[in-house]
Amino acid sequence: MTMLSTTRLPLLRHGSPDDLFAWHDGKPVTVRSYLAAVRDLARRLPDGAYLLNLCGDRLGFAVALGAALLRRQISLHPPNDTPATLRQLDESYPGLICLTDAGAHYPGMTCVAALPADGLDSLTGSRFDADLAFPADQVAAIAFTSGSTGRPMPQVKSWGTLVRSVHGAGTALGIAGLEPAGLVGTVPHQHMYGLESVILLALQHGLVLHGSRPLFPADIAACLADLPSRRMLVTTPVHLQALLADGTALPPLDFILCATAPLAPQLAIDAEMRLGAPLHEIYGCSETGQLAVRRTSATAEWLCIDGIRLRQDEQGTWASGDFLDGETLLADVIELKSDTRFILHGRSADQVNIAGKRSSLAFLNHHLNSVEGVRDGVFFMPQEGESGTTRLAALVVAPGLTAETLLARLRERIDPIFLPRPLRFVEALPRNPTGKLPREALLRMLDNSQRD
């Protein structure tokens, strides 16, 4: 038997049954209450190999994750809960059991509420499971790629892979110095970033989990104000930009963590100055989990978390490490400085070649969104025309600008060969909950704007 199969890793690393575990519906939740809820749900769960964790409530999601591990059932974390996605999952995983918030129901599926109907106070007599741990090789979850470039693909994650990734990232970020900070996240926890950097970061580093997922600046401020002491915000570039543009005053912050797209250095500098806390980014993907971190205001270089190594060949950049299953080819253009340090130049799929000239969508998007008056905007490559020629398209939210003015300002910043044709003004971009822009949604919006 290998060391991996015999190693057991704990569900959480809080020190005492009376430690604060979460803040939920305006009330503190202790570690003892959380573990009582885990055991209560484990008793209520029907038999079945797979659980579809659709809890929007952070505490309910964390309870469901713990109960699934206890029952040796595998949690599925889909990118959304649309009827089409649920139908695909139901077909792929027969006998699927759906875990939900109180009162939520999905037609045709067996649904179980993650939290007890009478509240956590109804659970009594629970012992403190300080030794509650699970085998490192136990399959804990199946995450799914975001689907931003196609159909979401399943990614099987063992408990050891998840825990070791989160510990590596926490060490690189210096999270131990924040304990026991309260954690507010704006990202969905079904997404790998939210699972690792909200739910598991709290579980594995003794942090206090806020049960809500606020999106609007006033809601973010209110959630942070709930927390009694040190505060950490886990967010995305899109949410951070909206927060700064709104100008809502926030309670004092001690740490900001950002991911899902590289952050513009100036935005990171502005965020640190206005929010009064260091901002760090984390780099990774659904296929690998977390890989590297950086303090964006200080350096363009990323530093791999402990145990991760990179190498390059003619195919691209490969990541390997003690918690990864073999090597994984990364979908990004990376400039290696060493096997643990690199500069990120954007996704491989973002590279464009028009009439022999090369650029990247990330570069073009940076300049588009730097134009004064542009609230949000994106370049993308539509389908090739009948002649076989390709042209970039752009969708932009800029109520005070005309197409002529915007194109003139872009011409000062980028090669004219990359000017968007067509350029369409829209009221809002079709961003998903993590701030990404699925290609299919962009194509639909472009098509609809051409018909109007």
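The values are calculated or read from the model by the stated rules, or taken from the named source; none is laboratory data. Predicted model, so just to flag it, every value in this text is computed and none were measured. With ideal geometry, Cβ positions are generated from the backbone for all residues, glycine too; neighbour counts draw on all protein chains shown. Quick note on the areas: whole protein, heavy atoms, side chains included, nothing else; ligands and nucleic acids left out. Shrake-Rupley method; radii C 1.70, N 1.55, O 1.52, S 1.80 Å.
Counting only DSSP beta bridges whose two residues both lie in the chain, roughly 60 percent are antiparallel. Counting Lys and Arg as +1 and Asp and Glu as -1 over every other residue whose Cβ lies under 13 Å from the Cβ of Leu96, the net charge comes to -3.
The length gained by stretching the chain between Ser16 and Arg87 to full extension, at 0.36 nm per residue less their Cα-Cα distance, is 21.3 nm. Annotation: Asp350 carries an accessible surface of approximately 40 Å², with a 1.4 Å probe and no ligand, DNA or RNA atoms counted. The loop-placed GluC sites (Glu not before Pro) in region 265-344, going by DSSP, that have at most 16 neighbouring Cβ atoms within 10 Å of their Cβ come out as Glu301, Glu314, Glu327. Computed from the Cβ-Cβ distance with R0 of 22 Å, the FRET efficiency linking Tyr106 to Lys27 stands at 0.20. Taking 0.36 nm per residue of sequence separation and removing the Cα-Cα distance, the Ala403/Glu301 pair yields an extension gain of 33.1 nm.
What the Cβ-Cβ distance of Asp415 and Leu329 gives, at R0 = 30 Å and to the nearest 0.05, is a FRET efficiency of 0.50. Against the criterion of solvent-accessible heavy-atom surface with a 1.4 angstrom probe, Asp131, Asp246, Asp57 sort, most first, into Asp131, Asp246, Asp57. Taking every DSSP beta bridge that has both ends in region 1-128, the antiparallel portion is near 30%.
Stokes-Einstein diffusion of region 196-267 at 37 °C, 0.692 mPa s viscosity, Kirkwood radius from Cα pairs, rounded to a whole number: 253 µm²/s. The figure for Ser370 is an accessible area of roughly 50 square angstrom, using a 1.4 Å probe on the protein chains alone. Peptides 432-445, 197-210 ranked from most to least packed, by the mean per-residue count of other Cβ atoms within 10 Å: 197-210, 432-445. Think of a 1.4 Å ball rolled over the protein heavy atoms: the chain then has 44 Å² of accessible area per residue.
Take each peptide in 217-226, 28-37, 162-171, count the other Cβ atoms within 10 Å of every residue, and average; sorted highest first, the result is 162-171, 28-37, 217-226. Accessible area ranking (1.4 Å probe, heavy atoms, ligands and nucleic acids excluded), largest first, for Leu257, Leu275: Leu275, Leu257. Structural descriptor for the chain: relative contact order 11 percent, calculated from alpha carbon pairs under 8 angstrom and at least 6 residues apart. Here the chain has 50 percent of its accessible surface on carbon and sulfur atoms, given a 1.4 Å probe and all protein chains in place.
With every protein chain in place and a 1.4 angstrom probe, the accessible-area ranking of Met232, Met153, largest first, reads Met153, Met232.
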